[in-house]
Amino acid sequence: MATGTAKKASQEDWHPAKVKMELHMRGITLSGLAEAHGLTSSSTLSAALTRSYPANEKRIADAIGVHPKVIWPSRYEEDGSRKPQGFRALQSTAAATARNSNLRKAA
């Protein structure tokens, strides 16, 4: 029985099968998309379904007709810019922690 509460929008990344389904509904395959962009294989596009590849994320999102942050919200900030990944994420986290600790000491 429904409780009548509104369901909160999910911030989870789309499942790779959903991305492929959305492409399929538009008559597009990963192989066809790769060929259209001059790639020799669809494997780099497939990798973007589970790992961060900004250029290929954009190609897939453009083919579906949405911004990449709609498909992969965990990889993007609210304003649509990329979140730091890998070593850069560690650097920015360490810098923010240092700034915050310096601010606490000064107060």
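The values are calculated or read from the model by the stated rules, or taken from the named source; none is laboratory data. Because the structure is predicted, anything quoted here is derived from the model rather than measured. Here the Cβ positions follow ideal geometry from the backbone for every residue, glycine too, while neighbour counts run over all protein chains shown.
Of the listed requirements (1) modelled with pLDDT of 90 or more; (2) β-branched (Val, Ile, Thr); (3) exposed (fewer than 13 other Cβ atoms within 10 Å of the Cβ), ILE64 misses just one: (3).
Among the residues of the range 27-54, which ones are hydrophobic (A, V, I, L, M, F, W, C) and within 18 Å of TRP14 (Cβ to Cβ)? Break it down stepwise before answering.
Just the residues of the range 27-54 that are hydrophobic (A, V, I, L, M, F, W, C), to begin with: 28, 30, 33-34, 36, 39, 45, 47-49.
Once the filter is applied, which keeps residues that are hydrophobic (A, V, I, L, M, F, W, C) and within 18 Å of TRP14 (Cβ to Cβ), the range 27-54 yields ILE28, LEU30, LEU33, LEU45, ALA47, ALA48, LEU49.
Within the range 76-93, residues that are modelled with pLDDT of 85 or more sit with their Cβ atoms under 7 Å from residues that are among the aromatic types (Phe, Trp, Tyr) and not in a helix (DSSP H, G or I), at 6+ positions apart or across chains, in these pairs: ARG82/TYR76.
Scanning the range 41-83 for residues that are polar (S, T, N, Q) and more than 18 Å from THR29 (Cα to Cα) gives SER52, SER74, SER81.
For the range 28-51, give me the residue count where each residue is among the small types (Gly, Ala, Ser) and more than 13 Å from ALA63 (Cβ to Cβ). Spell out the reasoning first.
The first filter runs over the range 28-51 and keeps only residues among the small types (Gly, Ala, Ser), leaving 31-32, 34, 36, 38, 41-43, 46-48.
Next, only the ones that are more than 13 Å from ALA63 (Cβ to Cβ) stay: 38, 41, 43, 46-47.
Matching residues across the range 28-51 total 5.
Taken as a whole, the condition of being loosely packed, with under 13 Cβ neighbours inside 10 Å, small (Gly, Ala, Ser) and within 12 Å of the chain's Cα centre (by Cα) applies to SER74. Looking across the range 17-55 at every residue that is touching a residue at least 12 places away in the same chain (Cβ under 8 Å), of a type in the set (A, V, I, L, M, F, W, C) and not in a helix (DSSP H, G or I), the one that is surrounded by the fewest Cβ atoms within 10 Å (Cβ to Cβ) is identified as ILE28.
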